[in-house]
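Engineer: Here you go, one structure.
The values are calculated or read from the model by the stated rules, or taken from the named source; none is laboratory data. Predicted model only: the values in this text are computed from it and were never measured. Cβ sites come from the backbone with ideal geometry, for glycine too, and all protein chains shown count toward neighbours. All accessible areas refer to the heavy atoms of the entire protein, side chains included, with ligands and DNA or RNA removed. Shrake-Rupley method; radii C 1.70, N 1.55, O 1.52, S 1.80 Å.
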Amino acid sequence: MLRMQHSPRTSRPPNRPVRSAAPTGSARPPSRLLLGAAGALLLHTIACGAPPSTLPTDASSGDAGPRSDARAVPCAEHAFSAQGTFRVFAVQLRADFARVATYEDFRAAVLGEIERSVRPCLATDRPNVIVFPETLSVLAMGIGSRATLARRQKSTVGAALLLLSTYERALAHYEAQWADLGLGEKLQLALTDTVWRAVYETSREVARSTGAWVVTTADVAGTVERSEAPGELAALADPDLASPGYVYVARERQIYNKALVLSPMGEIVADYRKAYLVSAEESPLELRWGPVAGAEPIDLGFARLGLLVCKDAFMADLPDRLDILGAEVLVQPVAFEGWAVPECPNPPCGFEGSVDPADAWRPDTLRGSAWNAVQRLDGLRYGVMPLWTGNVMERILDGQSSIVGDALPGSRRWAYIGQDPAAGFLAVAPWVAPDPGRADPSLSLDERRRRLRAVGETLVPGGAKENAYVQTVVAADAELGRFPQAPHGPPGALGPSRELAPTAVGEQRFPAVASDGQERVALAWQDARDGRAQTYLSVSRDGGQTFSAARAVAPGPERQHTPAVAWQGEALYVAWQSVSGRDRRIRAVRSLDGGASFAALALPEPAAPADDWTPALASSATHLYLAYVGGQQGNARVRVARVPSGGDTFTTVNADGAPPARPAPDPRNNHWAPAIVASGRTVAVAWVGYRNYNWDLFLSRSEDDGASFSAATRIDDAGATMLERKHNDPALALLEDGTLVAAWADRRRREARASVRVARGAPSFGASQELARGGAGSSAWRPRLTSLGPRTVLAIWQDFRADGNDLYLAKSVDGGESFAPEQRVDDGGDGPSYQFTPVVAPLAKGRALVAWIDTRSGQRRVRIAVGAP
């Protein structure tokens with residue numbers, strides 16, 4: 001759960017850590033064998049999963065070579081600029097369990113790097129933000145005489161076993177409160193005072209001494225309080241501390257991987273609980289899943305932070321949720337195992353299934369998190385990823401901390417090792433050796449990685465340069481607000497574009513379009529011209545040549561996001577997400593006069609606070625269908641609501657006809673991003689789901705007008721052994737002969753890039769084909785499909801091949817079996833003009849209308865293009 005304060009200066013006192021209730025309905029995973037639990041306790045976090053003038057010079061770019069541990073970073077090496085909303089520092093600490101024997105050692109390890117590399121570079125004319133990696137408790141568990149023998153161990157299993165035996169008084173205290181504690185819970189509860197005293201108090205000192213905002217993480221109970229009670233002092237006080245006067249006490253048994261935001265006064269203003277855990281965190285460690293509903297922006301006044309812990313930022317849903325709610329900066333504390341060496345030299349290592357060696361280049365994996373989200377989503381402008389380095393017993397922590405931002409054409413730079421230069425990186429920590437491709441461009445990627453792997457093998461436990469990893473800080477100035485202005489380029493495949501609803505104020509986002517297949521077109525979008533996000537609508541009756549004046553559909557005090565729109569005969573329907581505080585629910589209206597007036601429709605009202613998202617609409621001759629993600633018992637599941645023609649009340653069923661495979665609130669039940677189509681009595685719904693510990697593409701059908709749906713089947717072809725499949729953005733088209741065509745953004749084999757793929761089913765789906773062929777350095781997202789005739793399919797997507805999002809389309813005239821060469825749609829030119837979230841609708845005579853969000857004016861605006869592809 002996230003706690004936030006709208007005014008940071010009125011936060012709770014610094015000696016009272018945040019209290020928050022555990023999510024209802026949470027279930028504790030079962031305990032495993034003692035050895036498994038003990039080993040997992042110390043290693044679980046490590047199996048996680050700007051304008052050119054502001055960039056560092058090539059000599060100081062990401063892989064420029066090794067620095068000695070704890071060397072001060074000259075401020076000139078950072079990505080600083082004269083302009084900036086705030087300055088952010090990603091602190092890359094080197095873990096060495098043996099060197100942290102006391103609280104003072106812990107403070108010195110953390111504060112020493114702050115003094116060397118952060119304090120000299122703090123901004124004096126803008127706020128500063130300091131972000132630590134996930135989780136500082138990886139070092140704190142080694143503090144004190146009770147951990148003396150543990151620090152000498154060569155294995156995490158042995159160290160954890162010894163800790164279990166030396167915290168017997170604290171264990172007895174918590175066992176007396178909760179008799180059925182699992183082994184993972186026991187030790188982590190016993191460590192509460194040690195971990196919180198080190199992590200919280202040191203982080204608080206960093207904030208107070210620097211005047212910066214601080215993001216830090218630890219594994220602790222959902223509620224921790226400071227206590228001076230004599231009984232709790234006797235049971236929990238560290239024997240090394242003379243008369244400590246207080247202890248930190250866990251007030252609930254649930255343990256979370258928690259991230260905290262501290263104000264410059266050291267006050268906790270927000271906490272976030274990691275929602276998607278790796279296997280070892282679930283069992284045997286027995287951490288609890290944080291609620292996905294807890295992902296919401298943290299408003300610091302100068303920036304809205306989206307805080308996700310490690311694996312969360314790789315997920316299909318959480319970055320999207322933050323983007324929809326208005327987050328601007330994705331903060332992702334990370335602990336990563338492996339980098340140039342495989343993550344699993346001694347499997348298993350926290351993932352289900354086997355790891356294909358072709359999937360093992362870890363820098364590629366990391367590109368799928370914050371970098372991917374910032375380039376794909378128009379709201380998230382920056383991403384901050386601090387990583388640990390170092391060997392913790394036999395476990396290998398490694399990586400390169402980074403800060404990413406909006407990519408600029410022509411700004412590719414060397415970043416993560418074993419990859420080709422890429423755009424969007426502002427600051428990247430050096431690795432222990434430079435990528436050999438810099439000195440010898442003739443080397444193949446495989447050869448570069450082979451040489452880098454050889455270096456990595458010298459750093460692992462027992463290696464010739466054991467634990468000689470880099471400790472450092474990377475930093476950048478982040479400038480929020482307007483996008484760069486850019487001139488128009490040549491017309492695209494549909495001709496020149498135009499701005500739909502010009503306005504001098506507010507941002508426009510999330511367009512939605514529907515047509516009757518002839519000349520009537522309705523366009524809805526999210527518009528903030530009134531000071532808050534509202535659903536706006538404009539209607540054309542001449543095939544998109546002219547549109548009615550833009551108007552708010554249902555003005556109100558709540559914020560309105562992600563609209564959907566559909567025609568059914570003469571009736572026009574609009575739906576959207578309504579947000580009031582933490583209550584998020586779907587609203588829908590109908591117009592019988594072409595959008596001049598609307599009447600509300602009745603949807604089932606979930607208990608407050610609701611957690612409903614991303615509506616999608618489709619219609620048949622007899623019904624209107626609304627698909628959305630509904631929060632149910634802590635899970636997010638796709639629901640389908642239908643209303644008959646002329647009716648005003650929806651009835652709702654689950655899109656997946658089979659029940660959830662796991663007890664709630666296991667996140668493997670979660671769904672995201674529904675797409676829906678209908679014709680006759682057939683309704684089809686597609687979404688991405690986390691059922692298989694990956695985000696796969698699923699589809700379910702109804703043949704009874706949406707009254708019931710079949711059990712969902714997986715329709716992507718990424719294979720069962722390609723771990724960490726991360727698909728998103730599903731789209732559907734239903735042809736006249738009943739053939740379904742599906743498209744999605746596909747990221748398989750932990751590739752650094754995402755691709756758009758399409759497959760057809762009549763009824764079963766065959767092999768997919770890639771549409772966006774921009775090359776190895778390209779990515780593509782957000783496909784949309786429409787049918788232009790009995791066998792004609794038009795696909796459109798958001799394309800990153802030119803280091804900044806453009807729009808492309810491809811056309812099939814054989815029902816999706818093959819596609820003609822792709823063509824660029826937008827006319828944004830080759831400069832820093834970004835195009836996001838395209839939508840498409842069919843018109844008469846083989847024409848189509850495409851709408852998207854465009855930044856060339858400096859603000860996000862809806863633009864449209866109309867023509868025959």
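Engineer: Here is a check on your reading of the model: is TYR246 under 15 Å from the mean Cα position of the chain (by Cα) and of a type in the set (Phe, Trp, Tyr)?
Structural biologist: no
Engineer: Another question, then. Of these, GLY719, GLY775, which one is closer than 30 Å to GLY858 by Cα and open to solvent by 10 Å² or more (accessible area, probe 1.4 Å)?
Structural biologist: GLY775
Engineer: Let me ask you something else. What residue, among those in region 686-716 that are at pLDDT 95 or above and at positive phi, is surrounded by the most Cβ atoms within 10 Å (Cβ to Cβ)?
Structural biologist: GLY706
Engineer: While we're here: Please pick out the residue among ASP312, ASP323 that is over 14 Å from LYS274 (Cβ atoms), part of a helix (DSSP H, G or I), open to solvent by less than 10 Å² (accessible area, probe 1.4 Å) and modelled with pLDDT of 95 or more.
Structural biologist: The unique qualifying residue is ASP323.
Engineer: List pairs: first in region 457-469 and within 17 Å of LEU93 (Cβ to Cβ), second assigned to a loop (DSSP other than H, G, I, E, B) and open to solvent by 30 Å² or more (accessible area, probe 1.4 Å), Cβ under 7 Å, 6+ apart or cross-chain?
Structural biologist: Correct list of pairs: LEU459/LYS465; LEU459/GLU466; LEU459/ALA468; ASN467/ASP96.
Engineer: For a quick check of your reading of the model, give me the residue pairs whose first member lies in region 845-867 and is within 13 Å of ILE796 (Cβ to Cβ), whose second is in a strand (DSSP E or B) and among the basic types (Lys, Arg), with beta-carbon atoms closer than 8 Å and at least 6 apart or on different chains.
Structural biologist: Within 8 Å, the pairs are ALA851/ARG863; TRP852/ARG863; ILE864/ARG498; ALA865/ARG498.
Engineer: Between residues in region 653-671 that are among the acidic types (Asp, Glu) and residues that are part of a helix (DSSP H, G or I), which pairs lie under 9 Å by C-beta distance while being six or more apart or on different chains?
Structural biologist: Every condition considered, the pairs that remain are ASP666/GLU282.
Engineer: Could you check how many residues of region 242-269 are open to solvent by 10 Å² or more (accessible area, probe 1.4 Å), in contact with a Ser or Thr (Cβ under 8 Å, 6 or more places away or on another chain) and hydroxyl-bearing (Ser, Thr, Tyr)?
Structural biologist: Residues flagged as open to solvent by 10 Å² or more (accessible area, probe 1.4 Å), in contact with a Ser or Thr (Cβ under 8 Å, 6 or more places away or on another chain) and hydroxyl-bearing (Ser, Thr, Tyr) within region 242-269 amount to 1.
Engineer: Further question: Within region 665-721, count every residue that is touching an Asp or Glu at 6+ places or on another chain (Cβ under 8 Å), within 22 Å of HIS623 (Cβ to Cβ) and among the β-branched types (Val, Ile, Thr).
Structural biologist: Number of matching residues: 2.
Engineer: Continuing with this model, one more query. State yes or no: is VAL539 farther than 30 Å from GLY831 by Cβ, open to solvent by less than 30 Å² (accessible area, probe 1.4 Å) and assigned to a strand (DSSP E or B)?
Structural biologist: Taking the combined requirement at face value, the residue satisfies it.
Engineer: Would you confirm whether any residue within region 248-266 is polar (S, T, N, Q) and either assigned to a strand (DSSP E or B) or farther than 28 Å from ALA636 by Cα (or both)?
Structural biologist: Yes, there is a match, as at least one residue in region 248-266 is polar (S, T, N, Q) and either assigned to a strand (DSSP E or B) or farther than 28 Å from ALA636 by Cα (or both).
Engineer: Taking only region 742-761 into account, find how many residues are among the aliphatic types (A, V, I, L, M), surrounded by fewer than 22 Cβ atoms within 10 Å (Cβ to Cβ) and over 13 Å from LEU732 (Cα atoms).
Structural biologist: Selection size over region 742-761: 0.
Engineer: Continuing with this model, one more query. Suppose we filter VAL473, VAL539 for residues that are in contact with a helix residue (DSSP H, G or I) (Cβ under 7 Å, 6 or more places away or on another chain) and β-branched (Val, Ile, Thr); which single one remains?
Structural biologist: Matching residue, one of VAL473, VAL539: VAL473.
Engineer: Please tell me if GLY301 is modelled with pLDDT of 95 or more and part of a loop (DSSP other than H, G, I, E, B).
Structural biologist: It is true that GLY301 is modelled with pLDDT of 95 or more and part of a loop (DSSP other than H, G, I, E, B).
Engineer: Same structure, new question: Among (1) surrounded by fewer than 20 Cβ atoms within 10 Å (Cβ to Cβ); (2) closer than 23 Å to LEU500 by Cα, where does ASP583 come up short?
Structural biologist: All conditions pass for ASP583, except number (2).
Engineer: Moving to a separate point now. Could you pull out every one of the strands (runs of 3 or more DSSP E) wholly within region 347-435 that has 1 or more residues that are buried (at least 22 other Cβ atoms within 10 Å of the Cβ) and at pLDDT 95 or above?
Structural biologist: Per the criteria, 382-385, 402-405, 425-428.
Engineer: Out of all the residues in region 211-228, which are in contact with a Pro (Cβ under 9 Å, 6 or more places away or on another chain) and open to solvent by 20 Å² or more (accessible area, probe 1.4 Å)?
Structural biologist: GLY211, TRP213, GLU225, ARG226, listed by residue number.
Engineer: If you check GLU736 against the conditions, is it at pLDDT 95 or above and surrounded by fewer than 21 Cβ atoms within 10 Å (Cβ to Cβ)?
Structural biologist: no
Engineer: Having 1 or more residues that are acidic (Asp, Glu) is the bar; report the strands (runs of 3 or more DSSP E) wholly within region 755-869 that clear it.
Structural biologist: Output list reads 793-799, 806-812, 848-854.
Engineer: Let me confirm something: among ARG509, ARG520, ARG532, which residue is open to solvent by 10 Å² or more (accessible area, probe 1.4 Å), among the basic types (Lys, Arg), closer than 20 Å to SER857 by Cβ and at pLDDT 95 or above?
Structural biologist: Result of the check over ARG509, ARG520, ARG532: ARG509.
Engineer: Taking region 838-855 as the search range and keeping residues that are within 29 Å of the chain's Cα centre (by Cα) and open to solvent by 10 Å² or more (accessible area, probe 1.4 Å), which one is nearest to GLN526 (Cα to Cα)?
Structural biologist: VAL839
Engineer: Which residue is surrounded by the fewest Cβ atoms within 10 Å (Cβ to Cβ), if the candidates are limited to region 665-674 and must be of a type outside the set (D, E, K, R) and over 22 Å from ALA641 (Cα atoms)?
Structural biologist: Out of the qualifying residues, it is PRO667.
Engineer: Is region 229-238 home to any residue that is at pLDDT below 95 and either open to solvent by less than 10 Å² (accessible area, probe 1.4 Å) or out of contact with any helix residue (DSSP H, G or I) (no Cβ under 9 Å at 6 or more places or on another chain) (or both)?
Structural biologist: The answer is no; no qualifying residue exists.
Engineer: Quick check on this structure: which one of VAL640, VAL683, VAL653, VAL677 is at pLDDT 95 or above, surrounded by fewer than 16 Cβ atoms within 10 Å (Cβ to Cβ), outside any loop (DSSP other than H, G, I, E, B) and not polar (S, T, N, Q)?
Structural biologist: Exactly one residue qualifies, and that residue is VAL653.
Engineer: Let me confirm something: among LEU624, LEU617, which residue is over 30 Å from GLY290 (Cβ atoms), among the hydrophobic types (A, V, I, L, M, F, W, C), part of a strand (DSSP E or B) and touching a Gly at 6+ places or on another chain (Cβ under 9 Å)?
Structural biologist: Checking each option against the conditions leaves just LEU624.
Engineer: Select, from THR156, THR124, the only residue that is at pLDDT below 90 and either at negative phi or in contact with a Ser or Thr (Cβ under 8 Å, 6 or more places away or on another chain) (or both).
Structural biologist: THR156
Engineer: Pairs only if they're at least six apart or on different chains, beta carbon under 7 angstrom, first in region 411-439 and among the charged types (D, E, K, R), second assigned to a helix (DSSP H, G or I) and surrounded by fewer than 24 Cβ atoms within 10 Å (Cβ to Cβ); list them, first residue then second.
Structural biologist: From residues that are among the charged types (D, E, K, R), the pairs are ASP435/ARG448.
Engineer: Further, regarding this structure: Somewhere in region 797-812, is a residue of a type in the set (D, E, K, R) and in contact with an Asp or Glu (Cβ under 7 Å, 6 or more places away or on another chain)?
Structural biologist: Yes, region 797-812 contains a residue that is of a type in the set (D, E, K, R) and in contact with an Asp or Glu (Cβ under 7 Å, 6 or more places away or on another chain).
Engineer: A further question on this structure: Could you run through region 106-142 and say how many residues are open to solvent by 20 Å² or more (accessible area, probe 1.4 Å) and in contact with a Pro (Cβ under 6 Å, 6 or more places away or on another chain)?
Structural biologist: 0
Engineer: Additional query: Could you check region 557-577 and list, in sequence order, the residues that are over 16 Å from ALA512 (Cα atoms) and open to solvent by less than 20 Å² (accessible area, probe 1.4 Å)?
Structural biologist: ALA571
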